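Shown next, in structure tokens, is the structure this report addresses.
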Amino acid sequence: MERIRILQVGVGSFGKSWVDIIKNSPEWELAGIVDINKESLQSVAKEYHIPSERCFTSLEEAIKKTEPSAIMNATPPKFHKDTSIIAFDAGLDVLTEKPLSDNIKDAREMVAYAQAKNKKIMVSQNYRYRRQPRTVRKIIKDSIIGRIGYIVINFQRGPRFEGFRKEMDYPLLVDMAIHHFDLMRYITGENPVSIYTKSMNPYWSWFKGDASAHILIEFEKNIQISYSGSWVSTGRETSWDGDWEIYGEKGTILWKDSRIYVVSDGKTEEVEPIKTDREDRYLSLYEFYCALKENREPETGGKDNLYSLSMVFKSIESAKSGTPVSFRTL
Ligand SMILES: NC(=O)c1ccc[n+]([C@@H]2O[C@H](COP(=O)([O-])OP(=O)(O)OC[C@H]3O[C@@H](n4cnc5c(N)ncnc54)[C@H](O)[C@@H]3O)[C@@H](O)[C@H]2O)c1
């Protein structure tokens, strides 16, 4: 198997865990690490035994000196575009952390730029690469509960982040709900038609921007989704996937606290998650590898991801206008 050389760009609180994942994935060779913050760079280099000649504060220099074929981009969202463009210009493919960008214009430009340079861009969207959503999608595809009518999702957490999220206007929608929006598209296999959002910042919130939202989304095939999400829950916490109730004509799928149940004919049966060799970011990284080797669009390629990301920005548009927003154009 021919390994592909990849640079890890951004080794902050999440990026550094990518170093470990890359080092433990046999298809990949870590070419080096890049971070504009010297302290983070040195501490990650020490922890993962990366020699100083493979650690850089400049992406351009890192590319020149280590000759990678791809980058894994875990910089904060507002830097995704500039860093990805440097990589495309150098002839590299890009795997990026979600969200593709912190605004839809840059996201579109990134996708178009990659296409013009004949390079691939994939968003990791690791939540959908877990076993549970893969299992839920299979239950639906196998028609166990019949055609879906509506879905109710509740997401409640109370994380105390430092850094960029505290300053965002809509931290929940941009940095978190993108996972849930992408899961909605993955699980239903459909795209959104309209979205109506009431966004808010509960009075005790420790975020500057809105940390909670109630959202009604209509999907194709008349699937109606009700989503409540919060990053300032002070009591009960759901899993990071949230609690899902999926209602069909023959029964209900409950996906709660990472366990899956089918409720039908008065009986509740737990369903074991399907077995996969890898999951989560190990699987998204493997998907990126396969897409490069097979020269095909990855499952969560940038172009497809524009649909998930546009849910974020249409949701914000709706929150600001107080009216439903349609997806006639992305
Ligand atoms: N998939 C998930 O579940 C998940 C979880 C957490 C974070 N994330 C995503 O990962 C990304 C990073 O988040 P984080 O929490 O690690 O942020 P962070 O702020 O902790 O780290 C970002 C790092 O990027 C560095 N950086 C900034 N600009 C750079 C540049 N131009 N070149 C090189 N390095 C640069 C910073 O110095 C910092 O060390 C974000 O897009 C975030 O949404 C995803």
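For segment 229-284, go through all pairs of different Cα atoms, get the mean of 1/r, take its inverse, and jot down that Kirkwood value in Å.
Numbers: mean 1/r = 0.0744 Å⁻¹.
Its Kirkwood hydrodynamic radius stands at 13.4 Å.
Look at where the Cα atoms of segment 92-128 and of segment 200-222 average out, and the two centres are 25 Å apart.
P(r) tail, segment 4-119: Cα-Cα pairs separated by more than 25 Å, 15% of all pairs.
Sorting check: for 163-169, 174-180, which peptide has the highest mean count of neighbouring beta carbons within 10 Å, and how do the rest follow?
Packing order, densest peptide first, comes out as 174-180, 163-169.
For segment 10-35, the residues whose backbone nitrogen is under 18 Å from a point 7 Å from the Cα of D277, taken along Cα to Cβ, are 21-29.
Computing FRET efficiency as 1/(1 + (r/R0)^6) for S228 and K23, where r is the C-beta to C-beta distance and R0 is 45 Å, gives about 0.70. Taking amide hydrogens as placed 1.01 Å from N in the peptide plane, the amide H of G146 sits under 5 Å from those of K250, each at least 5 positions away in sequence or on another chain.
Cut-off is 10 Å between beta-carbons; in what order do T57, T83 appear when sorted fewest neighbours first? Display every interim value, and only then the final one.
Values: T57 12, T83 18.
The most exposed by this proxy come first: T57, T83.
For segment 4-119, build the charge dipole from Cβ charges (+1 Lys, Arg; -1 Asp, Glu) around the Cα centre, then report which of Q8, N118, Y48 sits farthest towards its positive end. Going by the Cα projections, it comes out as N118. Sites listed here are trypsin sites (Lys or Arg not before Pro) in segment 251-330 whose DSSP assignment is loop and whose Cβ has at most 16 other Cβ atoms within 10 Å: K275, R278, R296, R328. Annotation: the residues W18, W28, W206, sorted from fewest to most other C-beta atoms within 10 Å of their own C-beta, follow the order W206, W28, W18.
Between amide H atoms placed 1.01 Å from N, distances below 5 Å from G158 occur with S233, all of them 5 or more places distant or on a separate chain.
Simple rule: put +1 on each Lys or Arg Cβ and -1 on each Asp or Glu Cβ in the chain, find the dipole, and look at S318, N295, T83; the Cα lying farthest toward the positive end is S318. Output the 0 to 90 degree angle, nearest 10, between the alpha-carbon long axis of helix 280-293 and the longest principal axis computed from the alpha carbons of the chain. Tilt relative to the chain: about 60 degrees.
Volume per residue of the convex hull around the Cα atoms, evaluated for the chain, comes out as 140 Å³. Converting phi to 3J(HN,Hα) with the Karplus coefficients 6.51, -1.76 and 1.60 and the offset θ = phi - 60°, segment 157-172 yields 9, x, x, 9, 6, 9, x, 4, 5, 5, 9, 5, 6, 10, x, 5 Hz in sequence order, with x at every glycine or proline. For the chain, the relative contact order comes to 18 percent (Cα pairs under 8 Å, sequence separation of at least 6). Along segment 298-307 the Karplus relation, 6.51 cos²θ - 1.76 cosθ + 1.60 evaluated at θ = phi - 60°, assigns HN-Hα couplings of x, 3, 10, x, x, 5, 5, 5, 4, 5 Hz to successive residues, with x for each Gly and Pro.
The charge dipole of the chain, taken about its Cα centre with unit charges on the Cβ of Lys, Arg, Asp and Glu (plus for the first two, minus for the last two), comes to roughly 220 debye.
Residue by residue, segment 90-107 carries 3J(HN,Hα) couplings of 8, x, 9, 8, 10, 9, 10, 5, 6, x, 2, 7, 8, 8, 6, 5, 4, 4 Hz when phi is fed to the Karplus relation 6.51 cos²θ - 1.76 cosθ + 1.60 (θ = phi - 60°); x denotes Gly or Pro.
Calculated FRET efficiency, A112 and H214, Cβ-Cβ r, R0 30 Å, to nearest 0.05? Don't skip to the end; give the middle numbers.
Numbers: r = 34 Å, r/R0 = 1.13.
E between A112 and H214, to the nearest 0.05, is 0.35.
What full-extension length gain, to one decimal in nm, is calculated for K293 and T252 as 0.36 nm per residue of separation minus the Cα-Cα distance?
10.8 nm
Any read-out appearing in this document is the output of simple, stated calculations on the displayed coordinates, not a laboratory observation. Not measured: the values here are computed from a predicted model. When we count neighbours, we look across all protein chains shown, and the Cβ atoms used for this are built from the backbone with ideal geometry, even at glycine.
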